Amino acid sequence: MKPILLAAALLAPLVLWDGASGATRPKRLEIWDLALGTAADKLPDEFVDYACGTGGGAPSLPLKGFGDFKRCKAEETGLREVYFRYDDELEYWARANNLTAEMEQYAGTKTYGFPIVASALFDEAGVMRGIRVVSDPRYDTAREEAYFLKNFLLSRLGREGWACEDLKAEEGETPVDGVFFKQRCNKDLGDGRAASMLARHLRKAGQTRFDPRSGKQTTNMFESVVRFEIIAR
């Protein structure tokens, strides 16, 4: 968060929103507020920690903003991924006002309450052709429930029209406490836009519930992840 914005949030939080008086509730921009087909230099600079993305993983080369997209290596599709994080200004505002629900809502980069890695995808001309949302495994809280994010993302674009396929287990993949989920979904959104999602909840080869040496129960030895994209051709 920028120092000036932090000072403003702490010095005048009640001006931003007073639930009793019905004043305007503050809002921060999220990945859903970015319009496909927008040039990089026309996108709002309301985010922080821009960096080159790594296929939905941890960020790499730091950037000044979306306009630096050409510093990132193109993926096989030819698109360049720019990672970003939501500004934490409103989290500080919520803490200053002791608003518990808003503290949780504005803490970190999340969607539907799930921590995510958010990215924008640009073509060579600097036009944003896609967005990418990946559940963030760096957060241990409720990590085993990450794959439930799929339900919210599917509903966001309407339940009808999705073509979903349950994928078979590969060698070494096993259930997590009796649950095995591996599904790929695609949907044509029209106007040249297409959505895709891959959700997995399983143990990969070599991951076990109990350590074979000590016999003790392992921690986070499983994968629960959702990868979601909307691409404009």
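Only one entry of 160, 144 meets the criterion of being over 28 Å from residue 44 (Cβ atoms), free of Cβ contacts under 8 Å to residues at least 40 places away in the same chain and not aliphatic (A, V, I, L, M), and that entry is 160. If you filter region 183-233 down to residues that are among the β-branched types (Val, Ile, Thr) and in a loop (DSSP other than H, G, I, E, B), you find that the one that is surrounded by the most Cβ atoms within 10 Å (Cβ to Cβ) is 218.
The residue of region 199-233 that is nearest to residue 83 (Cα to Cα), among those that are among the acidic types (Asp, Glu) and at pLDDT 85 or above, is 229.
Name every residue in region 118-149 that is assigned to a strand (DSSP E or B), modelled with pLDDT of 95 or more and out of contact with any Lys or Arg (no Cβ under 6 Å at 6 or more places or on another chain), in order of residue number. Listed by number, the residues that qualify are 118, 120, 127, 128, 129, 130, 131, 132, 133.
I'd like to know if region 165-188 contains one or more residues that are within 30 Å of residue 66 (Cα to Cα), touching a residue at least 12 places away in the same chain (Cβ under 8 Å) and small (Gly, Ala, Ser).
Residues of region 165-188 that are within 30 Å of residue 66 (Cα to Cα), as a first pass: 184-188.
Going one step further and asking which of them are touching a residue at least 12 places away in the same chain (Cβ under 8 Å), we end up with 184-188.
Still in the running and small (Gly, Ala, Ser): none.
No.
Report, by residue number, each residue of region 40-56 that is under 23 Å from residue 137 (Cβ atoms) and either without any contact (Cβ under 8 Å) to a residue 24 or more places away in the chain or touching a Pro at 6+ places or on another chain (Cβ under 9 Å) (or both).
Our first condition is that a residue be under 23 Å from residue 137 (Cβ atoms); within region 40-56, this holds for 47-56.
Answer for region 40-56, where residues must be under 23 Å from residue 137 (Cβ atoms) and either without any contact (Cβ under 8 Å) to a residue 24 or more places away in the chain or touching a Pro at 6+ places or on another chain (Cβ under 9 Å) (or both): 49, 50, 51, 52, 53.
The values are calculated or read from the model by the stated rules, or taken from the named source; none is laboratory data. None of these values were measured; they are calculated from a predicted model. Neighbour counts are summed over all protein chains in view; Cβ atoms, including those assigned to glycine, are modelled from backbone coordinates with ideal geometry.
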